[in-house]
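The values are calculated or read from the model by the stated rules, or taken from the named source; none is laboratory data. Owing to the predicted nature of the structure, the values given are computational and were not obtained by experimental measurement. Glycine gets a Cβ as well: all are built from the backbone with ideal geometry, and neighbour counts include every protein chain shown. Areas reflect the complete protein model, heavy atoms only, side chains present, ligands, DNA and RNA absent. Shrake-Rupley method; radii C 1.70, N 1.55, O 1.52, S 1.80 Å.
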Amino acid sequence: MSLTIEIEQGDIHVTITLSGDVDTKTAPELLSKLTALELHALEQLRLDLQAVEFVSSAGLRAIVFAKQKMPHESALYLIGASEQIVDTINKTGLAQAVRIVSSVDDI
Amino acid sequence: MAGQDLGSIEAPASMENWDRMNDFVSNLITESVRDKAKSYKLRLASEELISNIIRAAGEVKDSENREVSLRVAARTEEQDGRLWFVVETKDDGRHFDPQFGSRKPVDTEQHISEREIGGLGLFLIEQSVDKVSYDWIDGYNTYRLCLEIVADAKQP
């Protein structure tokens, strides 16, 4: 399955809206988009996962990469992740590094 | 629902065949596994396993200039009154024992700034299925993933 990536720049945050699967084949594209951002200076990154059906370890590595590049006090939000994706994030201990919210209204 | 052979696919272990391999397994999972959470876990474990094999095969191609073949098969098995969905893979890449059950675990408590990227795939395989095994048989890496599923007919 493919992945579409839309990026929206806000005042203090960047929103990346994903649609499809973030897997071994598509994660490099996400990684490339993340690398192009000035993560070291980003206060807040929002990943909208409402239209994402599947995230494998390749996708998780991209998320880890982003958080590691961001300032220590920054926030990385995962918006609307499915129950299965949240379960995977919890299992791997990555929930400590991100903020999981149901919708953008919760930010 | 008794056990049944759901089919197999064999092709060179390369990214060109990644979609075919994963689609083969995920379609069978969708058809056979009613429970959404179990379906996702099986798909995740299978994707991680196939991706690892293909990645390793790429290294063999680069260093030994030979193509690795990969066979992926799926079946349901009935054991002790329980029904299992089983994914089996067989490849002739380099001998690699993932040491399921005895490998150094991923430190899920470690701070994100210190997290290493490696090992997540194998960790997710172990965490996603009920039983996982590895054997080196006659020059083939052989993996078997098993997840217990509910033995009722899937609604059309």
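Below, the figures for the structure above:
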quantity	calculated
Residue within region A:93-103 that is more than 14 Å from chain B (Cβ to nearest Cβ), in contact with a Gly (Cβ under 7 Å, 6 or more places away or on another chain), touching a residue at least 24 places away in the same chain (Cβ under 8 Å) and not in a helix (DSSP H, G or I) present	yes
Of the criteria (1) under 12 Å from the mean Cα position of the chain (by Cα); (2) buried (at least 19 other Cβ atoms within 10 Å of the Cβ); (3) of a type outside the set (Gly, Ala, Ser), which one A:Leu39 fails	(1)
Exclusive hit being in contact with a helix residue (DSSP H, G or I) (Cβ under 6 Å, 6 or more places away or on another chain), open to solvent by less than 40 Å² (accessible area, probe 1.4 Å) and of a type in the set (A, V, I, L, M, F, W, C), set B:Leu83, B:Leu44	B:Leu44
Index of the failed condition, B:Ile125 passing every other in (1) in a helix (DSSP H, G or I); (2) more than 15 Å from the chain's Cα centre (by Cα); (3) modelled with pLDDT of 85 or more	(2)
Single residue of B:Ala73, B:Ala57 found to be of a type in the set (A, V, I, L, M) and under 26 Å from A:Pro28 (Cα atoms)	B:Ala57
Tally of residues being open to solvent by 100 Å² or more (accessible area, probe 1.4 Å) and farther than 20 Å from B:Arg20 by Cα across region B:60-80	4
Among the candidates B:Arg82, B:Arg43, B:Arg34, residue that is free of Cβ contacts under 8 Å to residues at least 24 places away in the same chain and either out of contact with any Asp or Glu (no Cβ under 9 Å at 6 or more places or on another chain) or within 30 Å of A:Val86 (Cβ to Cβ) (or both)	B:Arg43
Test for B:Lys90: is it within 14 Å of chain A (Cβ to nearest Cβ), at negative phi, buried (at least 17 other Cβ atoms within 10 Å of the Cβ) and modelled with pLDDT of 95 or more	no
Test set (1) in contact with a helix residue (DSSP H, G or I) (Cβ under 9 Å, 6 or more places away or on another chain); (2) at pLDDT 70 or above - B:Ser102 fails condition number	(1)
Test: residue in region A:44-63 that is open to solvent by 50 Å² or more (accessible area, probe 1.4 Å) and modelled with pLDDT under 95	yes
Residue in region B:8-17 that is more than 10 Å from chain A (Cβ to nearest Cβ), of a type outside the set (A, V, I, L, M), within 25 Å of B:Gln79 (Cα to Cα) and open to solvent by 20 Å² or more (accessible area, probe 1.4 Å) present	yes
